[in-house]
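Below is one structure, written out as structure tokens; the observations come after it.
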Amino acid sequence: MASRVSTKLPTYKIHCCPNRTHLVEKFRLYPHQTKAKQRYLLNFDVATQIASKLDVANSLVYECNPGAGVLTRALLNHGARRIVGLEHNRKFLPYLRELELESHGRFKVEYADIGKLDVAGPGTPPAISSHKLLEGINKVSWSHEHLVAKLIGIEKEKTAHANFMNLLHHMLRCSGFFSHGRIEVALLFTGDRAQKLLAQPGDSMYNRLAILTWMLCDVRLLHMESNLSFNPLPSMGYSDPPPQMHLISLIPKQDFKLRVPPHCILLVPKFLKLLTVKKSQPLACAIESISPGSSILLRELGLPRNVKPMDLTPYQYKLLFELFFNWEDSMLDFLIE
Amino acid sequence: MAQIVTVRSANPVKIYFSCSKHYLFYLNQCKGTTQCTKLANYVSLSAVQWSIPNRTKFLSQTNIAANVHHRRSKTHLHASKTRNHSNDEASVSKSLAVLEHLNGSEDLELFSENGTGETKVLTEVKKDGRSQRRNDSFVDEAARLAEIDAYLFCGNVDGAIQVFNRCRRKGHKFHVLTFNTILHGLAAKKRVIDFQVFYHNMGGDNVMANVQTYAAVLELYGQLKDVKMIQDTCVKMNSQGYDLKHIFQKSILTKEQTTRVLEAIRLVYPNYKVEICKDPQPTSISPLVQSLYKEDKTNIKYSTNTPKSFVQDVMKSFEEQLEQERAAFGTIKSVERKRGEPRSSEGVCKSFPEIQSGWKDRLTGSIQREIELVMAGNKANKRSKTGPFTRLLVPCHEYADLAVEAITGPVCSQSYGAPLNHLCWLVGTQVYNRYAVKHKEKSGVVDKIRSMYGQFAELAYDHEACKTINPRELWFQLERSMPYEGSIYCDVPPWPTSVRVLVGCTLIDMMIRECKIDGNMFNHKGEKIAPAFFHTYEHEHTTASGYIKAHPAVVQLYQEYVSNCGDISLPASKLPMLVPPRPWTSITNGGHLLLSVQLTRGHDKTAENLSALEEACKASKLNAIFDSLNCLGLCGWKVNGKILDIMIDIFNDKGSELLEIPGPELPKLPEFTPELIDHPKLYTAFLKEKSNAKKEIHEAHALRMAMVYHLSVANHFREKTFWMPCNLDFRGRAYPIPPYGSHVGDDSTRGVLRFARGKPLGPEGLDWLKVHLVNLHGQLKKASLQERVEFADEHLDEIHDSADNPLTGKLWWQTADEKWQMLATCMEISNAIRSGDPENFISHLPVHQDGSCNGLQHYAALGRDKYGGRQVNVLPSDRPEDVYSEVAKLVEKMCERDAANGEEIAQHLVGKVSRKVVKQTVMTLVYGVTFIGGRKQISGQLDSLGLSPSVVWEGSSYLTRNVFASIREMFHAAKDIQDWFTSAAAQIALSGHFVEWVTPLNLPVTQSYQRMIKREVSTPLQLVKIRVPAREMVPNVVKQKGGFPPNFIHSLDSCHMMLTALYCQKHGLTFTSVHDSFWTHACDVDTMNKICREQFVSLHSQPILEDLRNHFLKKFENKRMRQPLRNSKRVDVHFGPLPERGSLDLNEVLKSTYFFS
């Protein structure tokens, strides 16, 4: 493996299908499908730009929804050691298989859907288990500096919210996709989702998503790209200025350790859900309605009596979780489903 | 105490009326004083003509100030004002002119708004281009009526008028009934000026005064002892055609109101006596029942020689029933008895009833405090909306009891809580029932019913007399014979879902704050006071729904309590009645003594249906239906003690799956171990197992609780006779109202019931009992009647053995399809034979006669289809024909044919198509099952045969296609009629109307499948979502067209049942039914069979399809549809010709033995 670094890496150029019609022709997508479930990147320059922002040299990359493979080529050009593509649309698979051959095995394509990662039940493709994905990779401890892999791509829009929360829950438990160590997640999010992710206490969009993200990871905004470079475009066109896709990188924190009893880790997401369900309700009321008497925990944290759920920083939430689940009088009956 | 009645007018002059105790007037106007003085002069002039006491004093105190508020804000009305600014002078003089016109008329002189002018402007005004941000123009009428009524009940008439005016400002027009209630309220408070203003408003809104309005007027002036006004009113009444002698009959007055009106009339006519007028002859009696109503009975003379003690006993039970309905809850002892020691028997903790009464006390205190806050005008916490209803909750402790009892069952019996919207609705409904009963008590209804009931009961218990005397007419006569006691029809407008949810949520909110429990009750730690109930959220995907959960200690306590012969409290409307139910006389009167019931079940969405029903009722068209419901209700029931004991033993022991009695053991949840986190595969498997186990636990718990309730109710009524009031659904099918103790249930609930009245078996009775036994057994479906009797004779030993040793003998009765009813029949036959004289043995057992595939029978009769008719036993034959095996045979033939041609899937299925596989599909085909539904059913059957999944999948599609084709071949007439129905319904729905029709017994039916939207009701706890019909009432085309054929056939078969009931009652039989299964005593089965067939012939001799088509033509022909039907280009509604009739002779039914057998 090491010898390859010295040789000149072949550059991969696109045979150029920058246009929707080409896409339709080539891959026989549905021509009238303007509101696609998935956006695809077709512009090679944009792809190179994006790939340069991500630090992929010598790393293992999981790419979700490569589509026509534009971003894949850019990543290959920038020195990714191995790329595993997870494509759920069967129409792109033959083309991606060609790319696989071209890249002499650096790129492998799997018929998989990132939204169906670790779904319970009989797993027929495109559902995939993270076991299979992480085969052959050495386990690295969480606090090690080295990142095992990177997850790159464009978020699938249809079930984006649920998928992402699942990823975060797995990150919390160090299980599933993250069972072999930390994996950096760098996805292109649409404008409104990015706002939700980057919100801070006091913003209107600050909610469970932001709390968990900031608690678990280091968040960086790498790049913003206008929607026009992505296909498909809506028939009516965009408003002015066109919305932007944000490239956000999430690196799980090295030193994150939630000190709660092991059986309670599963209850943390539900606990957070119940605390934040009603924004205008003071946190004391919410926590009392889960376990009576636990509002003294808020006093231990030094919070005022009528603090709202949206005023706490993620770090304070972490402390609250630890306090609550380690407290002997807490009543967990409502959290166990 | 100054009150303001705001009066608007279209011009910048705004006139405020303020009526104080000394009748001071304030005129406000900001323009020049000339107009002001003009107006003021007018006021003083007109005041002269008013007949108010202390006239001079009033005049001297008249104070005329002048300022007008140009409120340049909000309402659209103001837009008109600014527009009319230019012609100031003209408009002011116009207003004056109108006032002078009013002056000149003979009417009560009031200075009120120029009503006519205003309404014109109101309607003309456009909304000025501003979109109404909060849908101001939508008025939820039912909720507003409930609010007005609540205000009036507390005596707060001003609140009612405020709500009323608010709605009028939005443009809503009220019905004359609402006006009347407010007028009555004002009259009761003797507020003359307001009354007169209001009365004028009525005229302004173009609402005609009716008899009740005049009654209110008389009430007012009677109190003021104003003879002249009373005489004027009487004259006006006569001029409008209302006769003073009939005033009490035609209007609905409470007892107090009646006394006042009587006083008023007696002031003028001291010798006034009421004249009881006859009912007008109903305009259209259906020809089917004409023979029943031939005689014209003006005075029903009913006299018996029943002993006094009998009447006393009846009245005692009557009082018990009244008490049960008044308290709105009945307490039943639970039959559950757990073996083994309860965990908390160390004597540390208190028992559940003590804790519950502690909650009730605290809740009472909380309600009282809330009422004080509302009366003080506190507006926080949504009190402005809930205020009027909170004030109804007096006396507080009764309502607190109600709320706690209603919550206990659903929430405390398991740990996963109950959804909030359902709970709120429950509590709100209970509060409404209690309030309605209170209202009736206050109006004197209870006393009147008590005095009427004694005489009615004598008739109800006497079945022979029912042959000639109609209970409904007797009730009518009794009611009219006491005109001075008020009317028994005083009722409360029903509360819509939004109001119930609101009231319920207020009470639940208070309960959450007040009810406490010791959290460490089972923990052996120190006492820790925690709330007993919590409001949390459960998430389904991303939607969060509010739940009320109980503290785990509460759940444990309650479970142990119930399982040790605790008390269960059930709402009174779910318990059987202790006395015969009231006869149905109108849409909202009948059944229960005091509780409010509806003739047709339905929710908010069935509003138009109600208006059609009311019209039909007024025209006396529904008499036949009322009578048949009365007949069903007068059938008394008793509990079969022996069978009940056996069931309770099994229930408390281990339960028995064979006998369908759930046991006390619940399936267990899989355990969670920490190492599962490391193995993702195992973990996901564990999650799936856990969710399946949870589902099973919920189901098992629900089944067990349902059985507890059924058995406990049966146990409670063990020694008594009980009755079930009956009710219709929107199509006309009859159901008993209480769910517990009714014969419409599954085998175990039916097994414990038998008739209260016994009849000797007579010559045929024993044979019919044997046939009944074999029917229940289910083995000999194709045997003739004679063969069935022989089969029973062969098994006499087993019958005796089952009756003597039910649980220890040969257990032959457990091989039957319907086990518990089989056991009851075995016991009956055994007793009859052993008594030595079967013909005179008194039997109480109901014997069933079921129609074979009743829907197809009706279709065959409608289309006069000979071939189809033979299949379903419409034509006589020696043996019963079984339509399911015929279909199975046909399909089998098709399979063989295809297999011979080499089709693979047919080869797999040859020999596997049995009767069982196709039975369900054929049955549901009549009710419009679609291809996908049919395929699911067949695939389920094939699955249980054990074929491989791929064969099941392909095979079910293939078979479904074949089944449909063969049914179409066999019943092509039925299919043709069904197609005609579907296309007609689709066209009607596409044109934006609901499908509606009139059954042969004159019941108007409307299908109200429409688009429902979720509306949010904001309550103190959270926003609760309720499903209500969308405002525009858009019909749901798919449901309308799919639902019409089955609904129509259901309404037909209910007509058949009702006719049979009526004629059976005429012959003195006891009759009851479960839709297409008719029950009666063993000795009367022959008579009932004859009547059943005669009525079927009579029903289908009517031109049913032609009438339906004419009705559709009249109502819907040539309306525009919003899109054409498939396969056609027409865009307006057009009904094609009816399918052709066959050559079946209906009278053959009279000879068909197996039509109902």
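The values are calculated or read from the model by the stated rules, or taken from the named source; none is laboratory data. Treat the numbers as computed from the prediction; the structure is a model and nothing was measured. Counting neighbours? That spans all protein chains shown, and the Cβs are built from the backbone with ideal geometry, glycine included. These accessible areas exclude ligands, DNA and RNA; they are computed on the full protein's heavy atoms, side chains included. Shrake-Rupley method; radii C 1.70, N 1.55, O 1.52, S 1.80 Å.
Restrict the check to region B:699-707 and report whether at least one residue is away from every other protein chain (no Cβ under 14 Å), buried (at least 18 other Cβ atoms within 10 Å of the Cβ) and over 27 Å from B:SER563 (Cβ atoms). The answer is no, given that none of the residues of region B:699-707 is away from every other protein chain (no Cβ under 14 Å), buried (at least 18 other Cβ atoms within 10 Å of the Cβ) and over 27 Å from B:SER563 (Cβ atoms). Taking region B:1032-1056, which residues are within 20 Å of B:PRO846 (Cβ to Cβ) and touching a Phe, Trp or Tyr at 6+ places or on another chain (Cβ under 7 Å)? Listed by number, the list holds a single entry, B:HIS1056. Taking the criterion of being surrounded by fewer than 22 Cβ atoms within 10 Å (Cβ to Cβ) and touching a Cys at 6+ places or on another chain (Cβ under 9 Å), the residues of region B:460-507 that qualify are B:CYS466, B:ARG480. Applying the criterion of being assigned to a helix (DSSP H, G or I), open to solvent by 10 Å² or more (accessible area, probe 1.4 Å) and more than 9 Å from chain B (Cβ to nearest Cβ) to the residues of region A:273-285, the residue that is nearest to B:ALA544 (Cα to Cα) is A:CYS285. Please determine whether any residue of region A:286-303 is open to solvent by 30 Å² or more (accessible area, probe 1.4 Å), away from chain B (no Cβ under 14 Å) and in a helix (DSSP H, G or I). Within region A:286-303, one or more residues are open to solvent by 30 Å² or more (accessible area, probe 1.4 Å), away from chain B (no Cβ under 14 Å) and in a helix (DSSP H, G or I).
Counting only residues that are facing chain A (nearest Cβ under 9 Å), assigned to a loop (DSSP other than H, G, I, E, B) and charged (D, E, K, R), how many does region B:526-541 have?
In the first step, residues of region B:526-541 are kept if they are facing chain A (nearest Cβ under 9 Å); the result is B:528-531, B:534-539, B:541.
Now restrict to residues that are assigned to a loop (DSSP other than H, G, I, E, B): B:528, B:541.
Checking the rest, the ones that are also charged (D, E, K, R) come to B:528.
Counting residues in region B:526-541 that are facing chain A (nearest Cβ under 9 Å), assigned to a loop (DSSP other than H, G, I, E, B) and charged (D, E, K, R) gives 1.
Checked against the criterion of being open to solvent by 50 Å² or more (accessible area, probe 1.4 Å) and either more than 33 Å from the chain's Cα centre (by Cα) or at pLDDT 80 or above (or both), the candidates B:THR233, B:THR254, B:THR181 yield just one match: B:THR181.
Just one of B:GLN871, B:GLN907, B:GLN937, B:GLN920 is open to solvent by 40 Å² or more (accessible area, probe 1.4 Å) and within 28 Å of B:HIS1050 (Cα to Cα); which is it?
B:GLN920
All told, B:ARG750 meets the bar of being in contact (Cβ under 8 Å) with a residue 40 or more places away in the chain, assigned to a helix (DSSP H, G or I) and of a type in the set (D, E, K, R). Summed over region B:997-1044, the residues that are assigned to a strand (DSSP E or B) and within 26 Å of B:LEU728 (Cβ to Cβ) give a count of 12.
Those residues that are open to solvent by 50 Å² or more (accessible area, probe 1.4 Å), within 30 Å of B:GLU538 (Cα to Cα) and either in contact (Cβ under 8 Å) with a residue 40 or more places away in the chain or away from every other protein chain (no Cβ under 14 Å) (or both), I need them from region A:239-272; list them, please. Hits for region A:239-272 are A:LYS257, A:ARG259. Of the residues making up region A:172-181, those that are open to solvent by 10 Å² or more (accessible area, probe 1.4 Å) and in contact (Cβ under 8 Å) with a residue 12 or more places away in the chain are A:LEU172, A:ARG173, A:CYS174, A:SER179, A:HIS180.
When you scan region B:642-650, do you find a residue that is away from chain A (no Cβ under 14 Å), modelled with pLDDT of 75 or more and in contact with a strand residue (DSSP E or B) (Cβ under 6 Å, 6 or more places away or on another chain), even just one? Can you show your working first?
Residues of region B:642-650 that are away from chain A (no Cβ under 14 Å), as a first pass: B:642-650.
Next, from what is left, pick out any that are modelled with pLDDT of 75 or more: B:642-650.
Pick out the ones that are also in contact with a strand residue (DSSP E or B) (Cβ under 6 Å, 6 or more places away or on another chain) and you get B:650.
For region B:642-650, residues away from chain A (no Cβ under 14 Å), modelled with pLDDT of 75 or more and in contact with a strand residue (DSSP E or B) (Cβ under 6 Å, 6 or more places away or on another chain): present.
Across region B:566-575, what is the number of residues that are within 24 Å of B:PHE730 (Cβ to Cβ) and touching a helix residue (DSSP H, G or I) at 6+ places or on another chain (Cβ under 8 Å)? So the answer is 2. Among the criteria (1) touching a strand residue (DSSP E or B) at 6+ places or on another chain (Cβ under 9 Å); (2) buried (at least 23 other Cβ atoms within 10 Å of the Cβ), the one B:ASN831 does not fulfil is (2). The lone criterion from (1) part of a helix (DSSP H, G or I); (2) surrounded by fewer than 13 Cβ atoms within 10 Å (Cβ to Cβ); (3) hydroxyl-bearing (Ser, Thr, Tyr) left unmet by B:SER1143 is number (1).
Output the residues belonging to region B:965-975 that are part of a helix (DSSP H, G or I) and touching a Gly at 6+ places or on another chain (Cβ under 7 Å). Reasoning before the result, please.
From region B:965-975, those part of a helix (DSSP H, G or I) are B:965-970, B:972-975; that's our starting set.
Within region B:965-975, B:MET970, B:ALA973, B:ALA974 meet the criteria.
B:VAL445 - would you say it is in contact with a Leu (Cβ under 7 Å, 6 or more places away or on another chain), of a type outside the set (Gly, Ala, Ser) and surrounded by 19 or more Cβ atoms within 10 Å (Cβ to Cβ)?
So B:VAL445 fails the test.
Can you name the residue in region A:133-163 that is within 14 Å of chain B (Cβ to nearest Cβ) and modelled with pLDDT under 75 and is also surrounded by the most Cβ atoms within 10 Å (Cβ to Cβ) among such residues? For region A:133-163, the residue satisfying everything is A:THR159. Counting only residues that are surrounded by fewer than 18 Cβ atoms within 10 Å (Cβ to Cβ) and touching a Leu at 6+ places or on another chain (Cβ under 7 Å), region B:984-1020 holds 1 of them.
Looking across B:ALA544, B:ALA619, B:ALA550, one residue alone is among the aliphatic types (A, V, I, L, M), open to solvent by 30 Å² or more (accessible area, probe 1.4 Å), farther than 30 Å from B:THR721 by Cα and within 14 Å of chain A (Cβ to nearest Cβ). It is B:ALA544.
Checking each residue in region A:150-185 for being within 22 Å of A:LEU71 (Cα to Cα), small (Gly, Ala, Ser) and in contact with a Lys or Arg (Cβ under 9 Å, 6 or more places away or on another chain) picks out only A:ALA160. Within region B:826-880, the only residue that satisfies the criterion of being without any contact (Cβ under 8 Å) to a residue 40 or more places away in the chain and at positive phi is B:GLY836.
Output the residues belonging to region A:304-335 that are aliphatic (A, V, I, L, M) and either surrounded by fewer than 14 Cβ atoms within 10 Å (Cβ to Cβ) or away from chain B (no Cβ under 14 Å) (or both).
A:VAL307, A:MET310, A:LEU312, A:LEU319, A:LEU320, A:LEU323
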